[in-house]
Amino acid sequence: MREKTIEQKLVKAVKAAGGLCPKFVSPGMDGMPDRLVLLPGARLAFVEVKAPGKKPRPLQLHRHEQLRKLGFRVYVLFSVEQIKPLLEDIFPKRVRAKGAWGAIAKPPKERVEVAGRKAPKEGDDDR
């Protein structure tokens, strides 16, 4: 399966889960992952999409490590079958199988506004 096909299916699955999956372009910083996965509840991850049998380049692996050291989740996706587990890892307890692929089983719990951003209530963070 081609990288483009896997990437399209990722975008569709993220949208079905209530999120966004924009192409990530970073001028002046080569090696950054292909996609951002943005899910409800301020869940964010970087995803590098590779065709089966292909590997990230050394610079890409370096960027992945830099992002992980900053606390971000970074995934390398080689197949369509990895999409559901990837999303469940980013968005546990709220991603449920439904039809061809999942959707949110229930909306996120109410959140409290703190200094211009939504903050989880005590005990609400399931990361």
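Quick note: the coordinates plus some simple rules give every number you see, no bench work behind them. Fair warning: this is a prediction, and the values are worked out from it, not measured in the lab. With ideal geometry, Cβ positions are generated from the backbone for all residues, glycine too; neighbour counts draw on all protein chains shown.
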Flag if VAL37 is touching a residue at least 24 places away in the same chain (Cβ under 8 Å), surrounded by 16 or more Cβ atoms within 10 Å (Cβ to Cβ), among the β-branched types (Val, Ile, Thr) and in contact with an Asp or Glu (Cβ under 9 Å, 6 or more places away or on another chain): no
Pair list, Cβ under 8 Å, 6 or more apart: the stretch 51-69 residue free of Cβ contacts under 8 Å to residues at least 24 places away in the same chain and on the phi < 0 side of the Ramachandran plot, other residue aliphatic (A, V, I, L, M) and surrounded by 13 or more Cβ atoms within 10 Å (Cβ to Cβ): PRO56/VAL76; ARG68/VAL74
Residues of the stretch 61-94 that turn out to be within 22 Å of ALA51 (Cβ to Cβ) and small (Gly, Ala, Ser), as a count: 1
Pairs where the first residue, in the stretch 3-25, is free of Cβ contacts under 8 Å to residues at least 24 places away in the same chain and the second is among the acidic types (Asp, Glu), C-beta under 8 Å, 6+ apart: LYS23/ASP34; PHE24/ASP34
